[in-house]
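First comes the structure, then the notes that go with it.
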Amino acid sequence: MLNQIKGLHHVTSMAEDARTNNKFFTDTLGLRRVKKTVNFDAPDVYHLYYGDEIGTPGTIMTYFPFPKMARGRPGTGEVGNTIYSVPEGAIGYWTERLGQRGVEGLKVDESFGQKRLHFAGPDGDGFALVEVKDDNRLPWTHGGVDAEHAIRGFHSVAMRLRDEGATAELLKYMGYEVVDTHEGVKRLAIPGGNGADYVDLETMPNINRALPGAGSVHHVAFAVENRAKQLEVRKALMDTGYQVTPVIDRDYFWAIYFRTPGGVLFEVATNEPGFNRDEDTAHLGEALKLPEQHTHLRGLIEQHLEPLEG
């Protein structure tokens, strides 16, 4: 069993419109845009990162907004919901705030003994806020939401699977432990994690497989401290029979990827070097940052990309 993984690192999804996506996360949810860059493989498409003040692992939601992309079809083999942590007593505030901004899919319920608010992103993305006692992570409070109610970071991701057995065994090998089951959903947690500690598995044997598109999660990333720990995880996964990519430099972390038995794409990402490697913390997410291989295309890229504000 592995002991290097410390919880979630980031979740990466796809969107249809960059400006709408940016407004939703920075204005409606009050998160900080910590990086404005481009897709490594499609430099004419933004890669936008939202999180806390410095983009701490476990708080980072990222998007590839492909213009005019068709919506995905929800189904099995994907992350169906990304769940954020908010303080106890904050759900009423968020229900009112999201309702005033016309956010769809609002529904309050309770799961695993915690009050939860479901809502949809601009592309039908599945999200929820869950009230968590004593989440001591510091929120970003310059996005219009006060510290008493602001999002702390991720709480969990919920995966929809035709059969959760093999994925549950993989997560247990990755260091997760089964902590509870509620209405057929199996919850696993990483001991001593970074706050973004939970993964929920929902078995849906009669549901069609998901079709990716706008609103779909592309992959979910798990955090390791550094490159040495990442290499240990890579070797262990390969020794177990998983097909794992070589280490890829993503500028702000190093990444490896592999496909899980349930169909979800997993990434293991390093906490180093972080989002302030090429921008001062006070100005994160303001300037367009380009991967080195695309710097010579800056003029063309800037001409092509639509402004995010204005």
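The values are calculated or read from the model by the stated rules, or taken from the named source; none is laboratory data. Just so we're clear, the structure is a prediction, and the values are computed from it rather than from any experiment. Ideal geometry is used to build each Cβ from the backbone, glycine not excepted, and the neighbour counts take in all protein chains shown. Keep in mind that these areas ignore ligands, DNA and RNA; they rest on the heavy atoms of the full protein, side chains included. Shrake-Rupley method; radii C 1.70, N 1.55, O 1.52, S 1.80 Å.
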(request) Tell me, please, whether a residue that is open to solvent by less than 50 Å² (accessible area, probe 1.4 Å) and of a type in the set (D, E, K, R) can be found in segment 214-229. (result) no
(message) Take the residues in segment 213-267 that are in contact with a helix residue (DSSP H, G or I) (Cβ under 6 Å, 6 or more places away or on another chain) and in contact (Cβ under 8 Å) with a residue 40 or more places away in the chain; name whichever of them is nearest to Asp197 (Cα to Cα).
(response) Val224
(request) Evaluate the following for Asp109: is it among the charged types (D, E, K, R), modelled with pLDDT of 95 or more and open to solvent by 20 Å² or more (accessible area, probe 1.4 Å)? (result) yes
(request) Select from segment 270-290 the residues that are crowded, with 16+ Cβ neighbours inside 10 Å and closer than 19 Å to Ala18 by Cα and list them in ascending order. (result) Leu284, Gly285, Lys289, Leu290
(request) State whether the residues of segment 242-252 include one that is exposed (fewer than 11 other Cβ atoms within 10 Å of the Cβ), at pLDDT 95 or above and either under 14 Å from Thr37 (Cα atoms) or polar (S, T, N, Q) (or both). (result) yes
(message) Looking at the structure I just gave you, is Ala255 more than 16 Å from Gly126 (Cβ to Cβ), among the small types (Gly, Ala, Ser) and surrounded by 17 or more Cβ atoms within 10 Å (Cβ to Cβ)?
(response) yes
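Restricting to segment 150-176, give me the number of residues that are part of a loop (DSSP other than H, G, I, E, B) and open to solvent by less than 30 Å² (accessible area, probe 1.4 Å). Before you say what the answer is, go through the steps one by one.
Of all residues in segment 150-176, those part of a loop (DSSP other than H, G, I, E, B) come to 150-152, 162-164, 174-176.
Within this subset, residues satisfying the condition of being open to solvent by less than 30 Å² (accessible area, probe 1.4 Å) are 150-151, 174-176.
Number satisfying all stated conditions: 5.
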(request) For Gly310, state whether it is outside any strand (DSSP E or B), at pLDDT below 95 and within 23 Å of Gly51 (Cα to Cα). (result) yes
(request) Considering (1) under 24 Å from Asp135 (Cβ atoms); (2) open to solvent by 50 Å² or more (accessible area, probe 1.4 Å); (3) at pLDDT 95 or above, say which one Ala189 fails and leave the rest. (result) (2)
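Scan segment 5-12 and tell me whether some residue there is at negative phi and open to solvent by 30 Å² or more (accessible area, probe 1.4 Å).
Scanning segment 5-12 turns up at least one residue that is at negative phi and open to solvent by 30 Å² or more (accessible area, probe 1.4 Å).
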(request) Report, ordered by the first and then the second residue, all pairs with beta carbons closer than 7 Å, sequence separation of six or more or different chains, a first member in segment 135-155 that is of a type in the set (Lys, Arg), and a second member that is not in a loop (DSSP other than H, G, I, E, B). (result) Arg137/Gly153; Arg152/Ser85; Arg152/Val86
(request) Kindly indicate the residue of segment 63-83 that is open to solvent by less than 10 Å² (accessible area, probe 1.4 Å) and closer than 10 Å to Ala15 by Cα and also farthest from the chain's Cα centre (by Cα) among those meeting that condition. (result) Pro65
(message) Given the condition touching a residue at least 24 places away in the same chain (Cβ under 8 Å), of a type in the set (Phe, Trp, Tyr) and open to solvent by less than 50 Å² (accessible area, probe 1.4 Å), answer yes or no: does some residue in segment 198-212 qualify?
(response) no
